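Following: one structure in structure tokens, then a few remarks.
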Amino acid sequence: MTAQAVREVMTPGAVTVPPEASLAQAARLMRSGDVGDVLVVDGQQLVGVLTDRDIAVRAVAEGADPLTTTAHSVCTAHPVVIGPDEPVAAAVTLMRECAVRRLPVVSGGRPVGMVSLGDLALARDPDSVLAEIARTAPDGGRA
């Protein structure tokens, strides 16, 4: 059976940091959670997405101190999100149009999970190369 809603293919929960967390703290959480991004959350509201690439390219490569630079100052603010009840096809379209590999899944402004290209590949075309990578990658293809 093919999954119809994002909630059926997403990874529930997400690694989160407050806006004032340092990049070093965020990177340690990424390492311990074996993920390539964290959600920046103020209270319970999603305010941004911080990726390992953001830390490397937007901060470290520019000479920013990862011990004092905050997650909020480097993250992508107002990220593209999707709701858990949206169709999987809508997630595919958003990823394609916005050139992103991961989408925070948000309900009422609060993050409830993440959906990645790997998740979608497994749901839409389980025999594809991307689905195979997602099945065998230590992080489920989400990094």
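Any read-out appearing in this document is the output of simple, stated calculations on the displayed coordinates, not a laboratory observation. Since the model is a prediction, treat every value here as computed from it, not as a measurement. Backbone-built Cβ (ideal geometry, glycine too); neighbour counts: all protein chains shown.
Observations
- Packing-based order for 29-41, 52-64, 75-87, using average beta carbon neighbours within 10 Å, highest first: 29-41, 75-87, 52-64
- Distance between modelled label sites at residue 110 and residue 96, nm, 7 Å Cα→Cβ extension: 3.3
- The stretch between residue 85 and residue 22, if pulled fully straight at 0.36 nm per residue, gains 19.4 nm over its current Cα-Cα span.
- Within the stretch 9-113, DSSP assigns beta bridges of which about 80% are antiparallel (rounded to the nearest 5).
- Rg and Dmax, both from the Cα atoms of the stretch 1-71 and both in Å, are 14.0, 49.
- The stretch 38-116 - Rg (one decimal) and Dmax (whole number), Cα, Å: 13.6, 42
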